[in-house]
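For reference, the structure is listed below as structure tokens.
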Amino acid sequence: MSAGLALDWRACDRARIARDRRFDGVFFTGVLTTRIYCRPVCPVRPAKSRNVVFFPTAAAAERAGFRPCLRCRPETAPGTPAWHGAATTVSRALRLIERGFLDDGRRVDDLAHTLGMTARHLRRLFDRHAGASPTAVATTRRVQRAKALIDETAMPMAAIAFAAGFASVRRFNAAFRSVYRRAPTAIRRARARQRAPEVTARQMRCASLSMLGGTIAPPTRKQQARKNALP
């Protein structure tokens with residue numbers, strides 16, 4: 001675990017082995033053997049304790065060279081970003097970043113000025129409490145927004161790039177590849193392949209119910225009338 005980050009290693013390890021939902025969004029687990037980071041509730045079999053490290057934010061995990069898990073999807077963690085225990089100033093800064101402060105052309109210097117301090121001091125606070133710079137945190141949030149839109153909508157990639165806060169499609173593609181080690185279109189194709197069996201199964205169930213319904217359909221009015229007319 002990075003120096004200065006207020007995470008209790010043993011508590012985090014117990015929580016991720018138990019898949020304790022109370023810790024979902026509080027920290028992220030980096031698996032040293034795969035270089036993937038996960039939420040504490042990840043459905044994948046927990047890695048051995050000697051092979052894990054913990055991070056207070058997704059940005060800190062990515063800064064350390066880990067990529068997001070495609071199973072537990074860190075971008076959907078409740079309360080993301082979870083800045084528990086961060087200094088008040090950092091918490092304010094993170095809320096501003098979450099609302100898109102750095103997505104419209106403003107810089108870290110502007111953020112620091114808004115908070116009444118120097119950019120150098122703000123970066124130092126971020127490194128201590130969030131494990132990553134304000135710029136890295138903002139980039140992670142943009143990529144996370146984009147990932148959610150890729151998974152949950154049919155929006156074109158260019159529209160996703162701008163909706164997520166990127167200034168250009170080129171920057172979006174570069175940032176996404178840097179985090180996921182693959183193109184956004186590859187993620188969407190993989191997601192579509194995962195959903196295909198689920199859609200097929202639902203269609204088969206619906207067809208079966210429809211056929212069953214046809215075999216036990218209630219009698220028509222004429223059929224009922226004939227039945228009532230019989231002695």
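The values are calculated or read from the model by the stated rules, or taken from the named source; none is laboratory data. Quantities reported herein were computed from a predicted structural model and do not represent experimental measurements. Note: ideal-geometry Cβ built from the backbone for every residue, glycine included; neighbour counts use all protein chains shown. Accessible surface areas use protein heavy atoms only, side chains included; no ligands, DNA or RNA. Shrake-Rupley method; radii C 1.70, N 1.55, O 1.52, S 1.80 Å.
Using alpha carbons only, the radius of gyration of the stretch 33-79 set against its Kirkwood radius gives Rg/Rh = 0.91. What the Cβ-Cβ distance of Asp110 and Asp151 gives, at R0 = 35 Å and to the nearest 0.05, is a FRET efficiency of 0.65. Dimensions of the stretch 97-184 from C-alpha coordinates, computed as largest minus smallest value along each principal axis and given longest first, are 42, 23, 21 Å. Taking all protein chains as they are arranged and a probe of 1.4 Å, the heavy atoms of Leu32 leave approximately 80 Å² accessible to solvent. Extending 7 Å from Cα along the Cβ direction at Arg95 and again at Ala158 yields two label points whose distance is 3.7 nm. Using a probe of 1.4 Å on the protein chains alone, the accessible area found for Phe162 is around 120 Å². At the listed q of 0.13, 0.19 Å⁻¹, the Debye profile of the stretch 29-165, built from one uniform point per Cα, gives log10 I(q)/I(0) equal to -0.58, -1.11. The heavy atoms of Ile150 offer some 10 square angstrom of accessible surface to a 1.4 angstrom probe. Maximal additional length on extending the Arg19-Arg191 stretch stands at 59.5 nm, based on 0.36 nm per residue less the C-alpha distance.
Here the simple spin-label model places points 7 Å from the Cα toward Cβ, and for Thr135 and Thr118 these points are separated by 1.8 nm.
Over all other residues within a Cβ to Cβ distance under 15 Å of Asp104, the charged ones net out to +3, with Lys and Arg as +1 and Asp and Glu as -1. What the phi angles of the stretch 188-193 give under the Karplus curve with 6.51, -1.76 and 1.60, with θ = phi - 60°, is a coupling list of 5, 5, 5, 5, 5, 5 Hz, glycine and proline written as x.
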